[in-house]
1. I'd like the full set of residues that are at pLDDT 95 or above, over 18 Å from the mean Cα position of the chain (by Cα) and of a type in the set (Gly, Ala, Ser), limited to the stretch 1-29.
2. Report every pair of residues separated by at least 6 positions or lying on different chains whose Cβ atoms are under 8 Å apart, first residue within the stretch 27-51 and touching a residue at least 40 places away in the same chain (Cβ under 8 Å), second in a helix (DSSP H, G or I) and not small (Gly, Ala, Ser).
3. When you scan the stretch 10-47, how many residues do you find that are β-branched (Val, Ile, Thr) and touching a Ser or Thr at 6+ places or on another chain (Cβ under 8 Å)?
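The values are calculated or read from the model by the stated rules, or taken from the named source; none is laboratory data. Keep in mind that what you see is a predicted model, and the values were worked out from it rather than measured. In this analysis, Cβ positions are derived from the backbone assuming ideal geometry, glycine residues included, and neighbour counts consider all displayed protein chains.
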Amino acid sequence: MAQRPLGELLKEAGIITDEMITYALTIQRVSRERLGDVLLRLRFTTDTEVARVLAKQSGFPYDSLDTFVPAPDALAQLPFTVAQKNRFAAY
């Protein structure tokens, strides 16, 4: 089963327009970047919107890391400096 294009999914979600897709695809042909990266660079979408659509495209659920709370025993495995640098809360 073929995956639907990212631009089509973002359009279906009401995030971007046909004109935005056309413009981004024009840039993509020259830059050879992934479409999602072009759309982000142009600020036509956010990384969260792209992540949600890519998760849907792949058949995976989307879970925001902003609200994810790691298990305390998993956090305990991290060196303190890593946890502090990445602002993990349970330290």
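1. Within the stretch 1-29, no residue meets the criteria.
2. Short answer, once both residue conditions are applied: VAL50/LEU6; VAL50/LEU10; VAL50/LEU39; VAL50/LEU40.
3. In the first step, residues of the stretch 10-47 are kept if they are β-branched (Val, Ile, Thr); the result is 15-17, 21-22, 26-27, 30, 38, 45-46.
Filter once more, so that each one left must be touching a Ser or Thr at 6+ places or on another chain (Cβ under 8 Å): 15-16, 38.
The qualifying residues number 3.
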